[in-house]
Amino acid sequence: MRSRTLLWWGLGTLVAAALLGAAIVFGYTEPPGFDRWWNEAIAQHRADWMLTGALVLDHIGGGWVAILVVPLLVIIALLLARRWRGAVFAAAAFLASAALVQLLKNLFGRARPEDMIVTSDFGSFPSGHTANAATIALVLYLLFPRVWVAIVGAAWIVAMAVSRTLLSVHWATDTLGGALVGASAVLLIAAVLLPWARTTSKRIPRPIG
C-alpha cells in the first residue's frame, strides 16, 4: 500500500472517529438508542465465565500493563526477530495511539455508563482498551501481512470491544471510536515509516582469512 493511500486512510479513520464522538456528545442529551439497547442486552446475558474473561482483558488492555508491558513485549519480540525497524514503527504507533485517545477523551469528556462493574479513568469516548487492541493488531498485520494475522487481530479487537461493554465501562460506540482511533494512529505512522520498517538490514559477509 502506498504512503499516500495510508495517509488518506489514516486521516479518514481519525476524522470518522472525531465526527462520531462529536455527533454523540453534542447531538444527544442521552446515549443513543443503540448504545442503551446494547448495554441492556449484554447485561442480561452476562455469565460468570464471560465476566472472568472480561476482567482478564481489562487488566491486559489497560493501565500500566497496556501502556508499558504490552508495547514492550511487542517491541522486544520484534527485536528478537531482528526487525528493529519494525520495533521503531511499533513504538511510534503505540505512542501516537495513546496520545490520540487522550486528546479525544479530554475533548469530548463523555460520561461512562452508570452501572460500571470496574472503575476506570476519565472519559468514555473513545475506548483506550479497544484502541490499544486495534493498534497491536494493525501493527502486526502491516509488518506481517498474512491472512491468519488479520483474523487473529480482528478477533482480538472484537473480544476487547465486547469485554468493555460487558463490564459496562464503555458504550458500544466508544469501542467503535477506539478501534477507529487505534487504526488511524497506525496508518498515519505507517504512511511515514512503513516502507522503511518493512526492510531488514543486510549483513555484509566477512572476508575469509
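The values are calculated or read from the model by the stated rules, or taken from the named source; none is laboratory data. Every value quoted in this text rests on a predicted model; they were computed, and no experiment measured them. FYI the Cβ positions are ideal-geometry reconstructions off the backbone, even for glycines, and counts take in every protein chain you see. For the accessible areas, the whole protein counts, side chains as well, though only heavy atoms, and no ligand, DNA or RNA atoms are used. Shrake-Rupley method; radii C 1.70, N 1.55, O 1.52, S 1.80 Å.
Taking all protein chains as present, what is the carbon and sulfur share of the accessible area of the chain, in % to the nearest whole number, probe 1.4 Å?
Details: 8220 of 11680 Å².
Here carbon and sulfur together make up 70 percent of the probe-accessible area.
Which of the trypsin sites (Lys or Arg not before Pro) found in the range 1-97 are loop residues per DSSP with 12 or fewer other Cβ atoms within 10 Å of their Cβ? Let's see the in-between values first.
Values: sites: ARG2, ARG4, ARG36, ARG46, ARG82, ARG83, ARG85; in loops: ARG2, ARG46, ARG82, ARG83.
Of the trypsin sites (Lys or Arg not before Pro), the ones in loops of the range 1-97 whose Cβ has at most 12 other Cβ atoms within 10 Å are ARG2, ARG82.
Would you list the P(r) distribution for the range 25-71, with all Cα-Cα distances sorted into 5 Å bins from 0 and each bin expressed as a whole %?
5, 17, 14, 14, 16, 17, 14, 2
Return the distance in nm (one decimal) between the two label points of a simple spin-label model at ALA150 and VAL69, each offset 7 Å from Cα along Cα→Cβ.
My value for the distance between the label points is 3.2 nm.
Around LEU194, what is the net charge, scoring Lys/Arg as +1 and Asp/Glu as -1 over all other residues with Cβ under 11 Å from its Cβ?
Numbers: positive: ARG2, ARG85, ARG198; negative: none.
Within the 11 Å Cβ shell, the charges total +3.
Kindly write out, for the range 45-57 in residue order, the coupling ³J(HN,Hα) from the Karplus curve 6.51 cos²θ - 1.76 cosθ + 1.60 (θ = phi - 60°), rounded to whole Hz, with x marking Gly and Pro.
Karplus-based 3J(HN,Hα) across the range 45-57 equals 10, 5, 10, 4, 5, 5, 5, 4, x, 5, 5, 5, 5 Hz.
Using the beta-carbon distance between LEU80 and ALA159 and R0 = 22 Å, what value does 1/(1 + (r/R0)^6) give for FRET efficiency, to the nearest 0.05?
Details: r = 26 Å, r/R0 = 1.17.
Efficiency at R0 = 22 Å is approximately 0.30.
Could you derive backbone 3J(HN,Hα) for the range 189-195 from the dihedral phi with the Karplus parameters 6.51, -1.76 and 1.60 (θ = phi - 60°), listing whole Hz in sequence and x where the residue is Gly or Pro?
Ordered by residue, 3J(HN,Hα) equals 5, 5, 4, 9, 10, 4, x Hz.
Could you tell me the accessible area of HIS45 in Å² (1.4 Å probe, neighbours in place), rounded to the nearest ten?
Accessible area, nearest 10 Å²: 120 Å².
Taking only protein heavy atoms into account and a 1.4 Å probe, give the accessible area per residue of the range 101-140 in Å². List each step's numbers first, then the result.
On the way: 1670 Å² over 40 residues.
Heavy-atom SASA per residue in the range 101-140 reads 42 Å².
Extension gain VAL15-THR52, at 0.36 nm per residue separation less the Cα-Cα distance, in nm?
Numbers: separation 37, 0.36 × 37 = 13.32 nm, distance 3.47 nm.
Between VAL15 and THR52, full extension yields 9.9 nm more.
With a/c under 1.5 counting as rounded, go ahead and sort the chain into rounded, prolate or oblate using the C-alpha gyration tensor (a ≥ b ≥ c being the square roots of the eigenvalues; past the cut-off, prolate if a/b is larger than b/c, else oblate).
Numbers: a/c = 2.56, a/b = 1.78, b/c = 1.44.
Judged from the Cα gyration tensor, the chain comes out prolate (a/c at least 1.5, a/b above b/c).
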